1. Residue by residue through region 177-182, which ³J(HN,Hα) values in whole Hz follow from phi under the Karplus form 6.51 cos²θ - 1.76 cosθ + 1.60 (θ = phi - 60°), with glycine and proline marked x?
2. Could you sort out which of Lys347/Lys393; Lys18/Lys96; Lys369/Lys393; Lys624/Lys656; Lys558/Lys710; Lys203/Lys558 sit more than 18 Å apart by Cα distance in this structure?
3. What is the sum of charges around Ala79, taking Lys and Arg as +1, Asp and Glu as -1, for the other residues whose C-beta is under 12 Å from the C-beta of Ala79?
4. Among rounded, prolate and oblate, which fits region 607-723 when a ≥ b ≥ c are the square roots of the eigenvalues of its C-alpha gyration tensor, a/c under 1.5 means rounded, and a/b larger than b/c means prolate?
5. Step through the table entries Lys56/Lys154; Lys195/Lys284; Lys195/Lys657, compare each Cα-Cα distance with 28 Å, and write down the pairs that go over it.
6. Out of the total accessible area of the chain (probe 1.4 Å, heavy atoms of protein only), what percent is carbon and sulfur?
7. Within 11 Å, Cβ to Cβ, of Cys152, how many net charges do the neighbouring residues add up to if Lys/Arg are +1 and Asp/Glu are -1?
8. Considering amide H positions built from the backbone, and no H for Pro or chain starts, which residues 5 or more places from Lys154, or on another chain, come under 5 Å of its amide H?
Amino acid sequence: MTGERIEELISQLTLQEKADMVHGNGLFSTKGVERLGIPPFITSDGPMGVRKDFNKDVWREIGLSYDRVSYLPSNTALAATWNRELAYRTGQILGKEARGRGKDMILAPGINIMRNPRCGRSFEYMGEDPYLTSELVVPLVKGIEENDVSACVKHFALNNQETKRLEVDVEVSERALREIYLPAFEAAVKKGKTKGIMGAYNKLRGSHCCHNDYLLNKILRDEWGFEGIVVSDWGGVHDTKEALMNGLDMEMSVTDNFDEYYLANPLLKMIESGEIDRELAVEKLDEKVRHILHVMNELHMLDGERKSGTYNDYRDKEALRQTARESVVLLKNDDNILPLDKKKIKKLLVIGENANRCHAPGGGSAEIKALYEITPLMGINMLLGGNTQIVYKPGYYNEDVGNIWANVGNDENGQADSLNASPEPERKLADDEKIKRQREKNDEYAAEALEAARDADAVIFVGGLTHDYDTEGQDREDLKLPYGQDEFISKLLDIRPDTVVIMQTGSPVDMSAWVDKAKALICSWYAGMEGGVALAEVIFGEVNPSGRLPETFPVSDKDCPAVVLGEFPGGDSVNYGEGIFVGYRYYDTYDVKTAFPFGYGLSYTEFVMTGLSARVVECTRENKLVEVTFNISNIGGRAGAQVAQIYVADKLPKVKKAAKELKAFEKVWLEAGETKQVKVELREDAFAYYDEESGGFKVDSGNYMILLAKSAEEVVDVADVTLSV
Ligand code: BGC
């Protein structure tokens with residue numbers, strides 16, 4: 001359909017019909033205009049797969065027997081793979097399933113930067129670094145949209161906490177906004193060509209992000225040229241005039257009074273009463289309708305052949321499993337305890353409630369009604385087969401069965417409840433009764449597990465967090481492990497220092513109570529339906545781990561820059577006083593010890609990286625190109641992958657800069673004994689910073705160090721380049 005045809009359609013629409021297209025007429029859809037062949041626009045959560053279907057006007061699941069879907073690895077798991085190809089494959093599957101379930105827009109991916117690991121939704125995002133997030137969101141969005149489905153990159157912007165998420169007002173420097181919080185959105189728009197963006201609940205500088213003139217009109221539309229649909233977060237609109245004028249296209253919410261939404265009758269009344277200039281209002285409304293029709297057209301919703309998609313395609317299982325495999329991060333392997341040799345184990349003890357828990361149904365709007373979910377315990381059983389006796393003991397007690405999200409408030413309307421409830425973490429173990437029961441049960445479970453640990457040939461512990469903590473609607477109080485795990489793990493390691501400890505978590509946890517005693521330590525995430533198999537394959541050496549942390553694990557949450565230099569979670573407003581010093585940019589520059597740094601992860605083989613050289617190929621005002629080459633060798637005994645990380649540091653910065661910043665990475669697969677030469681290119685943005693005075697990015701002349709590294713804390717080689725701009 002041509003632009004002309006779209007204009008023709010717009011000219012045929014009545015004011016009422018236009019209003020119908022720009023606000024929800026169901027909890028997840030708008031109204032179409034049947035007489036003109038314009039269908040309703042149907043959206044669905046979310047980032048880990050297509051959510052179950054809800055009633056049109058009551059926040060209650062319909063209870064279909066056929067809305068079970070693939071449960072995809074969370075974005076944190078995906079980010080831990082550092083693999084662009086897997087991001088693309090994951091997107092393809094998500095898009096295909098969304099289309100297969102008849103959706104027009106999938107409300108994903110979430111790409112807010114992890115400002116503080118305590119943020120309850122960290123598991124939905126891709127960690128703490130704008131470059132890593134940008135590199136992964138682009139193929140992810142492309143993969144989704146290949147299926148005639150729109151992505152909806154969220155939450156734009158600065159939705160970095162759940163506490164007071166609906167109203168908190170963010171104060172952030174322009175430089176931090178531009179260097180840390182916006183680049184991944186910009187990449188999703190300019191390179192990923194996303195057709196959808198979701199406004200965030202919170203405010204920026206006093207104005208709600210869903211109708212924020214600066215964010216939506218000035219940056220998203222004028223600067224980045226976005227022509228797609230801006231959808232509000234559900235219930236994120238607060239003002240008709242602002243919603244009309246400030247770049248929003250579609251208002252969605254959580255209640256069934258659809259005609260009373262800000263962009264419904266209130267808008268029409270405002271126009272009729274002359275409270276707003278009619279011509280201007282129509283012009284603005286037309287803009288919204290134009291964006292919607294433009295996207296509908298691109299998705300072949302108005303004419304032509306639209307892809308039909310499918311879901312639960314068995315052929316996608318391998319890609320889901322591969323992503324889960326590559327997301328596993330090996331944190332410690334003293335005495336080469338891992339991989340375990342299955343032939344030597346007659347009796348295996350598996351401990352930990354997470355070994356036996358399905359996580360798919362939790363987390364908030366990212367919940368999934370999974371076709372299946374292979375838990376670690378099942379994965380281990382599947383892998384070992386009949387020759388090993390596998391004993392399972394929970395070890396600690398978790399009373400919070402299921403998902404706090406659905407348990408908050410007064411009815412099954414999890415979403416609306418969370419919008420109304422103030423996030424108080426205390427509510428989880430509110431009554432003394434519960435705490436008492438937890439203690440008693442913990443003692444009983446611990447005693448049983450510790451007893452069993454004495455004579456097992458090998459012990460695997462799977463603990464960490466659950467979606468009672470990694471969840472929408474609330475932040476964590478600290479990074480401590482729940483359910484008395486610290487005490488238990490400590491005792492277990494005293495008896496069995498060779499225990500393989502697995503932290504299954506969506507965000508960093510504080511392991512300081514026992515980490516020095518652990519010899520074998522793995523971080524696994526909410527890794528989707530194949531997660532348990534992938535983890536078992538790593539434990540028993542069928543897969544060589546290649547994940548790297550997409551976020552720093554601080555020693556304690558007290559070390560976190562958002563707390564030390566800024567505020568978290570703040571009050572009615574929150575000051576991002578740490579500026580650009582987020583994640584490793586802070587720990588590195590301020591020399592703060594971490595538990596495990598950004599980019600970190602071990603392998604069962606060993607790599608050396610040598611021969612770094614960097615050459616300025618072009619340096620003009622318009623273009624900069626530095627070519628970086630180096631060699632990677634696998635000097636160990638088995639095939640594996642190294643994630644080579646290139647950081648850039650300004651030797652004599654004119655403004656305060658981070659000690660170094662990630663500007664390129666390459667995941668390289670090598671057979672045992674193999675060497676490969678790797679070449680990466682650094683362009684303008686690898687050297688630029690946001691200059692508040694001139695209001696733009698700027699590269700200063702001078703000397704820069706190009707650092708070849710295994711993690712933010714392990715630089716293996718340095719090369720110098722000089723740029724004269
Ligand atoms: C969440 C969004 C989600 C929407 C629809 C909101 O509460 O913040 O991420 O897409 O609900 O369920």
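The values are calculated or read from the model by the stated rules, or taken from the named source; none is laboratory data. Bear in mind that the values here come from a model prediction, so they are computed numbers and not experimental data. Every residue, glycine as well, gets a Cβ built from its backbone with ideal geometry; the counts of neighbours run over all protein chains shown. Surface accessibility is based on the protein's heavy atoms, side chains included, excluding ligands, DNA and RNA. Shrake-Rupley method; radii C 1.70, N 1.55, O 1.52, S 1.80 Å.
1. Whole-Hz 3J(HN,Hα) from phi for region 177-182: 4, 6, 8, 10, 8, 9.
2. Lys18/Lys96; Lys369/Lys393; Lys624/Lys656; Lys558/Lys710; Lys203/Lys558
3. Within the 12 Å Cβ shell, the charges total -4.
4. The shape class here is prolate.
5. Over 28 Å Cα-Cα: Lys195/Lys657.
6. Percent of accessible area from carbon and sulfur atoms in the chain: 46.
7. After counting each charged neighbour, the total is -1.
8. It is Gly110, Ile111, Met198, by chain and number.
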